[in-house]
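This report refers to the structure that appears directly beneath it.
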Amino acid sequence: MGRDLAEPDWLPLTDDELHAILGRADPGGLGRRPAVTWRSPRPMSAAALVRQGDATVFVKRHHVSVRTPGQLAAEHDFATHLRARGLPVPAVLRLADGQSVLRRGDFCYEVHAVADGRDVYRDAVSWSPYASPGHAHAAGAALARLHLAAAGFERPARPAAVLMNSCQVITAPDPLAAAAALVAARPALAAYLAGRHWTDDFENVLVPLIGRAAPLLAPLHPQWGHGDWHPSNLTWTSAAPDARVAGIFDFGLANRTYPVHDLALALERAVVSWLDLPETGTAAADLAAAAFLLDGYRTVRPLTGAEAAALPRLLPVVHVEYALSEADYFTSVAVSTAHADLAYEYLIGHARWFGEPPGAALLGFLRRRLGG
């Protein structure tokens, strides 16, 4: 959370837990118990690399208030679809009951093969930029390949949930009413937001921006996307500036949105110094990184005229649903008023920034770059 490591919201995976999930016998038949070799510092789930015999796998545990077996199965189906079409997505492994998700009490477990390549950004904090223009270009090209491979995956959108990305609010005829209905269904979130006079902020800051973006999304064809495209969800052929993407993982926010929505998220995640915003009151945009990411994408999948027109309008509100779902998490699951406040600043403050000179400059740059 922010620049500093946060205390994890969940206890770490234990040896006994892993032994029960992965089974008693290792692939080599020597009976060696699973052993953790690295634990993820991300606070919202418990995850680790685990050596089992001569192989290493990635194990992740979720509380059912965050992810149900059905929600995880949708992620796994999408990842498997992409892998079958040649994308470097780690295989989803089957567990003891033959399913890709194992539930034990209030927790769900998933296991994946380890991604190929080097995890160059393993220790990067959220919203870290790409280490080089070449990485931004390669990431853009890889995202475009993902969107081409995703075509034909027709599973319906996952409904709004804790820590979930979607387009439910920003495409609604009345976005404030849609957000209010979502909030009303979550009593803890509603109680928190009541103290923030959130409807005024939403109506004054977000509704005008959504009103400019939504009509441009209406004619576009929805499809599934990654939902959380940033450098630390990719592995790389090397740490060199000309490295290529070697692996794509973490489909926890994947959903049926639009390719241009996914591209806007990729820009939002990595080309603005958001961590400066609460500290200094402003943030800078890296226009060169935005250009390289966008150009990399368009070398593989050129944007249509409608998508090019929608992207700059969509960027200021692409975060809305996830920010609400993050506030939901910090008010109803891992309760923290301080972190809920950060999520609220994410919801309103990030959108407001696009009306300030650095944000307006980024949007103007994108319009010029896209020929609009």
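The values are calculated or read from the model by the stated rules, or taken from the named source; none is laboratory data. Computed from a predicted model, the values in this text were never measured in an experiment. FYI the Cβ positions are ideal-geometry reconstructions off the backbone, even for glycines, and counts take in every protein chain you see. What goes into the accessible areas is simple: the full protein's heavy atoms, side chains included, and nothing from ligands, DNA or RNA. Shrake-Rupley method; radii C 1.70, N 1.55, O 1.52, S 1.80 Å.
Restricting to the range 217-235, and then to whatever is over 22 Å from Ala74 (Cα atoms) and in a loop (DSSP other than H, G, I, E, B), can you tell me which residue is least open to solvent (accessible area, probe 1.4 Å)? Checked the range 217-235; the qualifying residue least open to solvent (accessible area, probe 1.4 Å) is Leu220.
Here is a yes/no grid of residues against (1) among the small types (Gly, Ala, Ser); (2) under 20 Å from Thr14 (Cα atoms); (3) surrounded by fewer than 18 Cβ atoms within 10 Å (Cβ to Cβ); (4) in contact with a Leu (Cβ under 7 Å, 6 or more places away or on another chain):
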{"site": "Lys60", "(1), (2), (3), (4)": "no, yes, no, no"}
{"site": "Arg83", "(1), (2), (3), (4)": "no, no, yes, no"}
{"site": "Gly98", "(1), (2), (3), (4)": "yes, no, yes, no"}
{"site": "Val101", "(1), (2), (3), (4)": "no, yes, no, yes"}
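Is the range 120-136 home to any residue that is within 20 Å of the chain's Cα centre (by Cα), within 20 Å of Ala79 (Cβ to Cβ) and not in a loop (DSSP other than H, G, I, E, B)? So far as the range 120-136 goes, no, none of its residues is within 20 Å of the chain's Cα centre (by Cα), within 20 Å of Ala79 (Cβ to Cβ) and not in a loop (DSSP other than H, G, I, E, B). Given (1) touching a helix residue (DSSP H, G or I) at 6+ places or on another chain (Cβ under 6 Å); (2) open to solvent by less than 40 Å² (accessible area, probe 1.4 Å); (3) in contact (Cβ under 8 Å) with a residue 60 or more places away in the chain, where does Phe78 come up short, assuming only one miss? Exception for Phe78: condition (1). Of all residues in the range 173-186, those that are in contact (Cβ under 8 Å) with a residue 12 or more places away in the chain and either open to solvent by 60 Å² or more (accessible area, probe 1.4 Å) or outside any helix (DSSP H, G or I) (or both) total 1.
Going by the conditions given, is Ala214 part of a helix (DSSP H, G or I), under 22 Å from Val333 (Cα atoms) and free of Cβ contacts under 8 Å to residues at least 60 places away in the same chain?
no
The condition of being over 22 Å from Gly86 (Cα atoms) and touching a residue at least 24 places away in the same chain (Cβ under 8 Å) holds for only one of Pro259, Pro278, that being Pro278.
Scan the helices (runs of 4 or more DSSP H) fully inside the range 307-363 and keep the ones with 1 or more residues being within 25 Å of Val64 (Cβ to Cβ) and of a type in the set (Asp, Glu). First the steps, then the outcome.
Values: elements: 320-332, 337-344, 350-353.
Those helices (runs of 4 or more DSSP H) span 320-332.
Results for (1) of a type in the set (Lys, Arg); (2) touching a Ser or Thr at 6+ places or on another chain (Cβ under 8 Å), shown as yes or no for each residue.
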| position | (1), (2) |
| --- | --- |
| Ala73 | no, yes |
| His81 | no, no |
| Arg118 | yes, yes |
| Tyr121 | no, yes |
| Ala124 | no, yes |
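If you go through the range 294-303 and keep only what is among the hydrophobic types (A, V, I, L, M, F, W, C), surrounded by fewer than 21 Cβ atoms within 10 Å (Cβ to Cβ) and not in a loop (DSSP other than H, G, I, E, B), you end up with just Val300.
Quick check: is even one residue across the range 120-131 more than 29 Å from His319 (Cα to Cα), open to solvent by 60 Å² or more (accessible area, probe 1.4 Å) and either without any contact (Cβ under 8 Å) to a residue 40 or more places away in the chain or charged (D, E, K, R) (or both)? Can you show your working first?
Step one: list which residues in the range 120-131 are more than 29 Å from His319 (Cα to Cα), which gives none.
Within the range 120-131, none of the residues are more than 29 Å from His319 (Cα to Cα), open to solvent by 60 Å² or more (accessible area, probe 1.4 Å) and either without any contact (Cβ under 8 Å) to a residue 40 or more places away in the chain or charged (D, E, K, R) (or both).
Within the range 236-293, the residues that satisfy the criterion of being open to solvent by 50 Å² or more (accessible area, probe 1.4 Å), in a loop (DSSP other than H, G, I, E, B) and among the β-branched types (Val, Ile, Thr) are Thr237, Thr282. Could you list, in sequence order, all residues of the range 323-372 that are closer than 21 Å to Ile170 by Cβ and in contact with a His (Cβ under 8 Å, 6 or more places away or on another chain)? Residues satisfying the conditions are Ala323, Tyr346, Leu347, His350, Ala351. Checking the range 279-289 against the condition returns a match, with at least one residue being among the hydroxyl-bearing types (Ser, Thr, Tyr) and at pLDDT below 95.
Within the range 35-52, the residues that satisfy the criterion of being part of a loop (DSSP other than H, G, I, E, B) and either open to solvent by 30 Å² or more (accessible area, probe 1.4 Å) or within 18 Å of Ala115 (Cα to Cα) (or both) are Ser40, Pro41, Arg42, Met44.
Does Leu366 satisfy being more than 29 Å from Arg158 (Cα to Cα), of a type in the set (A, V, I, L, M), in contact with a Pro (Cβ under 6 Å, 6 or more places away or on another chain) and buried (at least 21 other Cβ atoms within 10 Å of the Cβ)? When the stated conditions are applied, Leu366 passes them.
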